[in-house]
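*Asks:* Shown below is the structure under consideration.
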Amino acid sequence: MQEAIYETWRHVFKLDPERELSDEALDAICLSGTDALLVGGSTGVTYDNTVDLLSRIRRYEVPCALEVSSEEAAVPGFDHYFIPMVLNTERAEWIIGRQIEALRKWGTFIPWEETTAEGYIILNPRAQAAQATQASCELDDDQFAAHLYMADRLMRLPIVYMEYSGMFGDMERVRRARHLLTGARLFYGGGIDTAEKAQLAAQYAHTVVVGNALYDERLSAALSTVQAVRNTVLIK
Ligand code: 1GP
């Protein structure tokens with residue numbers, strides 16, 4: 001079987017269609033050498049703002065994937081699609097409910113070869129995604145490990161996404177998570193706004209995602225994370 005597009009990604013920038021990004025900033029991001037752009041956001045993502053961002057990104061060669069968090073914003077033309085499933089919420093609509101509803105309508109049109117589920121474990125209670133999905137972020141080590149077993153061994157999801165959006169997470173927990181996974185690729189995202197933080201996360205996570213820092217005065221530091229991740233070896 002052909003290797004999935006994301007299996008070689010070490011560094012990814014996440015772009016939010018709802019947020020403003022100048023042409024200069026987008027130019028720097030697209031030419032930064034990052035492995036891919038991931039388009040997605042927790043709120044305010046619409047068909048129109050997603051199409052708009054995609055058309056701007058398409059002037060560049062960088063691979064671009066969409067994280068589909070609402071069916072209205074499922075725009076064709078991306079290189080890959082990710083379907084998040086939040087594992088640490090009791091609200092079934094965020095685990096499979098909305099996804100089932102979307103598949104009922106659009107299942108026959110989905111490019112399955114380019115579509116991958118992500119098992120989200122949201123760990124920052126202040127993150128928008130945590131609040132929107134009412135995620136139970138206060139997991140002790142055993143509960144956390146159980147979520148990993150669920151994602152990796154029972155559900156056999158190809159990706160586990162440790163989401164700390166807005167705060168730099170517990171790197172020891174990232175390290176342990178990677179070692180518990182047997183098949184899933186580990187995405188880490190949250191609070192990376194320096195080369196040093198990017199290096200720490202890249203030691204343990206297969207793929208490091210940088211988002212918020214692109215949108216303010218931290219842009220140049222955010223851009224420096226590409227090289228930092230490239231220079232970091234994943235610790236076995
Ligand atoms: C957000 O995981 C990403 O979904 C990245 O987190 O925005 O904190 O960089 P930050």
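*Asks:* Starting from the 7 Å offset along Cα-to-Cβ, what nm value, one decimal, do you get for the label separation of GLU196 and GLU114?
*Replies:* A separation of 4.1 nm, rounded to one decimal place.
*Asks:* Hey, what's the chain come to in accessible area per residue, 1.4 Å probe, Å²? Walk me through the numbers on the way to the answer.
*Replies:* Working: 11500 Å² over 236 residues.
That works out to 49 Å² for each residue.
*Asks:* How much of the accessible area of segment 7-230, in percent, comes from carbon and sulfur atoms when a 1.4 Å probe is used?
*Replies:* Values: 5320 of 10340 Å².
Accessible surface attributable to carbon and sulfur in segment 7-230 totals 51 percent.
*Asks:* Taking a quarter of the surface of the Cα convex hull of segment 11-104, what do you get in nm²?
*Replies:* Values: hull surface 25.3 nm².
Hull-based average projected area comes out at 6.3 nm².
*Asks:* Ok, one more. In Å, what Kirkwood hydrodynamic radius results for segment 7-230 from the alpha-carbon pair distances? Mind dumping the intermediate values first?
*Replies:* Numbers: mean 1/r = 0.0571 Å⁻¹.
It is 17.5 Å.
*Asks:* Within the chain, what percent of beta bridges assigned by DSSP are antiparallel, to the nearest 5?
*Replies:* 5
*Asks:* Under a point spin-label approximation (7 Å from Cα along Cα-to-Cβ), what is the MET1-ALA146 distance to one decimal in nm?
*Replies:* Roughly 2.9 nm, to one decimal.
*Asks:* Computed from the mean reciprocal separation of all distinct C-alpha pairs, what Kirkwood hydrodynamic radius does segment 111-236 have, in Å?
*Replies:* On the way: mean 1/r = 0.0670 Å⁻¹.
For segment 111-236, the Kirkwood estimate is 14.9 Å.
*Asks:* In percent, how large is the relative contact order of the chain, given Cα pairs closer than 8 Å and 6 or more residues apart?
*Replies:* 18
*Asks:* Let me ask something additional. Give me the one-decimal nm value for the distance between modelled label points at ASP79 and MET167, 7 Å along each residue's Cα-to-Cβ direction.
*Replies:* According to this spin-label approximation, the distance is 3.3 nm.
The values are calculated or read from the model by the stated rules, or taken from the named source; none is laboratory data. Since this is a predicted model, take the numbers as computed values, not measurements. Please note: Cβ atoms are built from the backbone with ideal geometry, for glycine as well, and neighbour counts cover all protein chains shown. These area figures cover heavy atoms from the full protein model, side chains too; ligands, DNA and RNA do not enter into them. Shrake-Rupley method; radii C 1.70, N 1.55, O 1.52, S 1.80 Å.
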